1. So what are the ³J(HN,Hα) numbers for region 123-140, from phi and the Karplus equation (6.51, -1.76, 1.60; θ = phi - 60°), rounded to whole Hz, Gly and Pro as x?
2. Where in region 112-164 are there trypsin sites (Lys or Arg not before Pro) that are in a DSSP coil and have at most 13 other Cβ atoms within 10 angstrom of their Cβ?
3. Around Val92, which amide H atoms from residues at least 5 apart in sequence, or from another chain, sit under 5 Å from its own amide H, with H modelled in the peptide plane?
4. In 5 Å bins starting at zero, report the fraction of Cα pairs in region 37-152 per bin as a rounded %.
5. On a C-alpha basis, how far is the centre of region 177-238 from the centre of region 91-156 in Å? Whole number, if you could?
6. Using only the Cα atoms, work out Rg/Rh for the chain, with Rh taken as the Kirkwood radius, to two decimals.
7. Order these peptides, 182-188, 6-12, 45-51, by their mean beta-carbon neighbour count within 10 angstrom, highest first.
8. Dipole of the chain (Lys/Arg Cβ +1, Asp/Glu Cβ -1, origin at the Cα centre): which of Leu219, Leu186, Leu139 lies farthest to the positive side?
Amino acid sequence: MNLVVHNLTRRFLFDEREVTALDAITLTIEGGEFVAIVGRSGSGKTTLLNAIGGLDTDYQGSVTLGGPDAPALHTLSERELAATRQRHLGYVFQQFNLLNHLSAVENIALPSFFGGGLSASQAQQRALDLLESVGLTHLASARPPQLSGGQKQRVAIARALFAKPDILLCDEPTGSLDRDTGLQILEIFERLNREQGITVILVTHEHHVAARAHRRVVLDQGKLIEDVSQTPLTPEVA
C-alpha cells in the first residue's frame, strides 16, 4: 500500500501567534519500505506521523493511502477514518500506552473490541500467536507493571500487529529504552519489514536508530530538507 503526502502544511496557534509545524511537505512512501523520519525536537516529526496516521486531519494539503483513486484522509467521515486506521495502520508509541489492569495477552487483543469479526477465542489465539512472535509467550498473564520497558514495547508491537496492518507507524519506539533493548526492538521491526512486507515508518532523533532504515527523511523547522535512500547498517556498525 502506497502512502502519498502532498503539499502538507500544518499550523497551530501558540500564545496567540501562528506557528507552522509542517511547511509544504510532499512525500511518497511505497509499500514495503522501511523509512526513518529524523529531526530535532520540534522539527515536525510527530506532527507528520499524526497526519499520516489519520490522527490529525486539520491541515492544508492531503494524505492518501492506496492507489491514485483512493480518497484523501481529510475527506473521510469519522467512521470511515476510524475504519481506515483499523484496517491499514498499526501504531507503536514511546510510552507503550498499555492498560495496567489487563494482562499482556488482553492488551494485545484489545483491538478486537472495536471490530474485526473475531470471536473471543479467536482473538485470544491471535494475541497468543503474536505474543509468541515477539518472544513473550511465558508472560501472557503478566500485567504491564510486572514487565520491563523492553517487554512492554514488545507487547505494544504485538498489539499494533493484531489487525494485520499494511503500515506500522512508530513514534520514538526506542526513546524510553536503553540502547541494547532498543536494538532488540529494531530487530523486530526489521524482521516484520523483511519477512511480512509491512511498511515501517519510524520517527526518531537517534542517528543509530535511523541508520537501520532503508531510507532517511530529515525534517528541520517543519521543512523536508533531505530524503535519501541508504544501506541499512548492522547492529555492530550502527
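1. In residue order, the calculated couplings are 5, 5, 5, 4, 5, 5, 4, 5, 4, 5, 5, 9, x, 10, 3, 5, 10, 4 Hz.
2. none
3. Result for Val92 returns Leu169, Cys170, Asp171.
4. 2, 10, 16, 17, 15, 15, 14, 8, 3, 0
5. 24 Å
6. Over the Cα atoms of the chain, Rg/Rh equals 0.96.
7. Top of the packing list down: 45-51, 182-188, 6-12.
8. Selected residue: Leu139.
Every number here is computed from the coordinates shown, using simple stated rules; none is lab data. Only a predicted model underlies this, so the values are computations on that prediction, with no experimental measurement involved. So basically every Cβ, Gly included, is an ideal-geometry build from the backbone, and we count neighbours across all protein chains shown.
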